[in-house]
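A.B. asks: This is the structure I have questions about; it appears just below.
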Amino acid sequence: MVNNNQGTRIPVRRRRAEHAQPGDPEVESGAPEGIVEETNAGDQGQGGETVVTSQDGSGKASLVGGEPVDWRETALRLKADMENYRKRQKRWAEDEVLREQEQFLRSFLGIADDLEQALKHINLNDPAHKGIQVVYDGVMSLLMRKGVERIAAEGQPFDPHCHEAVAVLPSHEAGVEDMHIVAVTLPGYMYADRVLRPAKVVVAKQEG
């Protein structure tokens, strides 16, 4: 960059050396081979090229014959873009961790289901019942500590966001209000305000 009494000259664009004129000062003063920086602060460059000049040192430059360019505004916009990109990457990483945790916790639900069914079919006096109960309690305790919660279902209004209807009974036969849950065939669970698994339910529905 070269200074003269006409103001500070700002290199804006470059042209290939084959278009430069012999004796061009930028070529002879050490500019990279094949590139000429145009920094003339006058009306035209030596090759008739239009250039940009600094007006008052405020960070603004005007393209001769064109619109003014606010370099400070451009820098702030780039900074905002980088900050938004950083936030998007952070959200993506958090969502990815959450998905992996959901997959891990979901694998325990099948174990809990099997143990729960076993407890329903084993007599309380059977010695195996106590052992299965201990294991079941341990699995459920692990899920609860991780923030997993069981979805309330039986007797509740049917909610398609967290309930999955597997059967329908007429309301007068079920003895419950229309679109309320009669029974739960498979419990559902929530994790971090998201449905880990919907509850499979039987729903009462008014005929006609």
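A.B. asks: Taking the residues in segment 79-101 that are of a type in the set (Lys, Arg) and open to solvent by 100 Å² or more (accessible area, probe 1.4 Å) as candidates, determine which candidate is farthest from Leu196 (Cα to Cα).
C.D. replies: Lys79
A.B. asks: Looking at (1) open to solvent by 40 Å² or more (accessible area, probe 1.4 Å); (2) outside any strand (DSSP E or B); (3) under 28 Å from Glu102 (Cα atoms), find the lone condition where Ala153 falls short.
C.D. replies: Among (1) open to solvent by 40 Å² or more (accessible area, probe 1.4 Å); (2) outside any strand (DSSP E or B); (3) under 28 Å from Glu102 (Cα atoms), Ala153 violates only (1).
A.B. asks: Scan segment 102-127 residue by residue and report those that are basic (Lys, Arg) and exposed (fewer than 14 other Cβ atoms within 10 Å of the Cβ).
C.D. replies: Hit for segment 102-127 is Lys120, nothing else.
A.B. asks: Still on this structure: In segment 96-136, how many are in a loop (DSSP other than H, G, I, E, B) and either in contact with a helix residue (DSSP H, G or I) (Cβ under 6 Å, 6 or more places away or on another chain) or among the aromatic types (Phe, Trp, Tyr) (or both)?
C.D. replies: 1
A.B. asks: Can you tell me which residues in segment 156-174 are open to solvent by 70 Å² or more (accessible area, probe 1.4 Å) and more than 29 Å from Arg99 (Cα to Cα)?
C.D. replies: Of everything in segment 156-174, those that are open to solvent by 70 Å² or more (accessible area, probe 1.4 Å) and more than 29 Å from Arg99 (Cα to Cα) turn out to be Val168, His172, Glu173.
A.B. asks: Take Gln156 and tell me if it is within 34 Å of the chain's Cα centre (by Cα) and polar (S, T, N, Q).
C.D. replies: yes
A.B. asks: Still on this structure: Taking the criterion of being within 30 Å of Gln206 (Cα to Cα) and either open to solvent by 50 Å² or more (accessible area, probe 1.4 Å) or under 39 Å from the mean Cα position of the chain (by Cα) (or both), would at least one residue in segment 128-150 satisfy it?
C.D. replies: Yes, that holds for at least one residue.
Yes/no matrix, rows are residues, columns are (1) over 38 Å from the mean Cα position of the chain (by Cα); (2) of a type in the set (A, V, I, L, M); (3) at negative phi:
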| position | (1), (2), (3) |
| --- | --- |
| Val168 | yes, yes, yes |
| Glu173 | yes, no, yes |
| Ile181 | no, yes, yes |
| Leu186 | no, yes, yes |
| Arg194 | no, no, yes |
| Pro198 | no, no, yes |
| Val202 | no, yes, yes |
| Glu207 | yes, no, yes |
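A.B. asks: Would you say Glu149 is closer than 21 Å to Ile181 by Cα and touching a strand residue (DSSP E or B) at 6+ places or on another chain (Cβ under 8 Å)?
C.D. replies: Considered against the rule, which asks whether it is closer than 21 Å to Ile181 by Cα and touching a strand residue (DSSP E or B) at 6+ places or on another chain (Cβ under 8 Å), Glu149 comes out as yes.
The values are calculated or read from the model by the stated rules, or taken from the named source; none is laboratory data. These figures come from a predicted structure and were not determined experimentally. Because the Cβ atoms are built from the backbone with ideal geometry, glycine has one as well, and the counts that use them run over all protein chains shown. Areas reflect the complete protein model, heavy atoms only, side chains present, ligands, DNA and RNA absent. Shrake-Rupley method; radii C 1.70, N 1.55, O 1.52, S 1.80 Å.
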